[in-house]
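Have a look at the structure below before the remarks.
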Amino acid sequence: QLQASGGGSVQAGGSLRLSCAASGITLSNYAVAWWRQAPGKQREVVARIGGPFTTNYEDSVKGRFTISRDNAKNTVYLQMNSLKPEDTAVYSCNAVNSDGSYWGQGTLVTVSS
């Protein structure tokens, strides 16, 4: 139902844009969050988007990451700028509302110093 993509390897200071594309559900009807899990660490929420102008970010990514929707493409994006080695993790997207919860597979982001 959710397809996450866009991960890769970049140097510190670089940028990546992750995509979370939905099929079978209408993402605009869901709150969508990007999660990440770094090796040896617990999974954490990086960014969340509710309504079109309701966004929340984990403190360490504020000012660097931007979550957004493209309802025409049924996709949620995570634009990641000024990447740091500590951003290295597997990133996954999650869509949730009262009807249920859906997860995309992870996409690996590796940031080298």
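The values are calculated or read from the model by the stated rules, or taken from the named source; none is laboratory data. Predicted model only: the values in this text are computed from it and were never measured. Cβ placement follows ideal geometry from the backbone for every residue including glycine, while neighbour counts extend to all protein chains displayed. Ligands, DNA and RNA are stripped out before the accessible areas are found, and what is left, the full protein with its side chains, is counted by its heavy atoms. Shrake-Rupley method; radii C 1.70, N 1.55, O 1.52, S 1.80 Å.
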Output for Cβ contacts, cut-off 7 Å, separation at least six or different chains, first residue open to solvent by less than 20 Å² (accessible area, probe 1.4 Å) in segment 86-113, second charged (D, E, K, R), reads 89/36; 91/36; 109/87; 111/84; 111/87
Every residue from segment 36-61 that is open to solvent by less than 40 Å² (accessible area, probe 1.4 Å), outside any strand (DSSP E or B) and either out of contact with any strand residue (DSSP E or B) (no Cβ under 8 Å at 6 or more places or on another chain) or at pLDDT 95 or above (or both): 38, 51, 61
Count of residues meeting criterion [assigned to a loop (DSSP other than H, G, I, E, B) and surrounded by 15 or more Cβ atoms within 10 Å (Cβ to Cβ)] in segment 63-83: 3
Does residue 92 satisfy the criteria of being touching an Asp or Glu at 6+ places or on another chain (Cβ under 8 Å) and among the small types (Gly, Ala, Ser)? no
Can you give me the number of residues within segment 41-89 that are over 10 Å from the mean Cα position of the chain (by Cα), under 17 Å from residue 16 (Cβ atoms) and aliphatic (A, V, I, L, M)? 3
